[in-house]
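Here's the structure, in structure tokens; my notes come after.
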Amino acid sequence: MRGRPTLAAVTVIGALVLAGCGDSDSGSDSSAAGAELSVGAAYIPQPVSDSMAAGFLTITNKGDAEDELTSVTSKAGDVSVHETVDGTMKEVDRLPIPAHGRLVFKSGGNHLMFEKLKQQFKQGQTVSVELHFAHSGPVTVKLPVKAATYQPTAGHSGH
């Protein structure tokens, strides 16, 4: 009986690492709620401002139930979740992650907004954030700081 939780934890962590292509720092076993969340394609373009930055990632839900991203926290500064609809950006309290679907944060679309930075993000650093969900446990993710002109490879979040 003792080996089963360990095997389950290894299976969940292995799935998260593969789904996130190594961008995910750790994950949560959210299968109790029916959602199976993983995070990938995470990055922050090096900001030109020393007080604000944007972050991007993809949350994939392979489970049978929807979940919602409710907040993001980081020791690096204040983080809010922004939705972009018809070219207009607004802060939101939550965004849905559909069952068997994805919540994508990308340039020109939904994104994380970092404000009141404790220090300016520099290329080569990583910034740790904790994602909080309505039904699943929190997930910690490390976002590498990339060049300001960085564009992710199409389809990266899918493997």
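None of the figures in this text is laboratory data; all of them are computed from the coordinates on show. Source: prediction; values computed, not measured. Quick reminder, even Gly has a Cβ in these numbers, built from the backbone with ideal geometry, and neighbours come from all protein chains shown.
Summary table below
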| item | result |
| --- | --- |
| Cβ-Cβ FRET estimate between V48 and H100, R0 fixed at 41 Å, reported to 0.05 | 0.60 |
| Contour excess over end-to-end distance, with Cα ends at Q120 and H132 and 0.36 nm allotted per residue | 1.9 nm |
| Extension gain, T149 back to M89 (0.36 nm per residue minus Cα-Cα distance, nm) | 19.5 nm |
